[in-house]
Amino acid sequence: MFKLTCDSTVDLPQSYLDERDIEYVSLQFVLNGNTYADDQGQGLSYPEFYQMIREGAMPTTSQVNIKQYIDFFEPMLKRDESVLHIGFSSALSGSYSASMVARNELLEKYPEAELLII
């Protein structure tokens, strides 16, 4: 059996993810010079986010980097969990490439692990 994981672009309610034990890695965005995790509105609430946009702020996004992916996946692999990760489209973000580099590094360290990335 696989542990299902995803990134924050999945756009599913936190309750849905929690009920199914689906962990996610957060992409980040920058707004008014501050960097925030895309964390279901926990760090910056949705009303605050949209108010800033109404006031003229323009958010930009950044991909998940290799270290973030390693930090995300490694605890699961240490617990001998097989992981199936569904990530953001490789055509739209470099996050997929970063996840694959992290995967390859982790499989060198944990050669018996199963870490599938879609």
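Between TYR69, TYR36, the distinction of being within 14 Å of the chain's Cα centre (by Cα), in a strand (DSSP E or B) and not acidic (Asp, Glu) belongs to TYR36 only.
Is it the case that region 23-33 has a residue that's more than 15 Å from ILE118 (Cβ to Cβ), without any contact (Cβ under 8 Å) to a residue 12 or more places away in the chain and either outside the structural domain of LEU116 (by TED's automatic domain parsing) or part of a loop (DSSP other than H, G, I, E, B) (or both)? Full working, then the answer.
Taking region 23-33 and keeping what is more than 15 Å from ILE118 (Cβ to Cβ), we get 23, 26-33.
Filter once more, keeping what is without any contact (Cβ under 8 Å) to a residue 12 or more places away in the chain: 33.
Now drop any that are not either outside the structural domain of LEU116 (by TED's automatic domain parsing) or part of a loop (DSSP other than H, G, I, E, B) (or both), which leaves 33.
The answer is yes, given that some residue of region 23-33 is more than 15 Å from ILE118 (Cβ to Cβ), without any contact (Cβ under 8 Å) to a residue 12 or more places away in the chain and either outside the structural domain of LEU116 (by TED's automatic domain parsing) or part of a loop (DSSP other than H, G, I, E, B) (or both).
Considering only region 44-56, how many residues are surrounded by 15 or more Cβ atoms within 10 Å (Cβ to Cβ) and either closer than 22 Å to VAL25 by Cα or in contact (Cβ under 8 Å) with a residue 24 or more places away in the chain (or both)?
Of all residues in region 44-56, those surrounded by 15 or more Cβ atoms within 10 Å (Cβ to Cβ) come to 44, 49, 52.
Now restrict to residues that are either closer than 22 Å to VAL25 by Cα or in contact (Cβ under 8 Å) with a residue 24 or more places away in the chain (or both): 44, 49.
Adding up the residues that qualify gives 2.
Going through SER90, SER97 one at a time, which residue ends up being touching a helix residue (DSSP H, G or I) at 6+ places or on another chain (Cβ under 6 Å) and free of Cβ contacts under 8 Å to residues at least 12 places away in the same chain? Quick ask: steps written out before the conclusion?
Working: SER97 fails: touching a helix residue (DSSP H, G or I) at 6+ places or on another chain (Cβ under 6 Å).
Every option except SER90 fails the conditions.
The values are calculated or read from the model by the stated rules, or taken from the named source; none is laboratory data. Small disclaimer: the values here were computed from a predicted structure and weren't measured. Because the Cβ atoms are built from the backbone with ideal geometry, glycine has one as well, and the counts that use them run over all protein chains shown.
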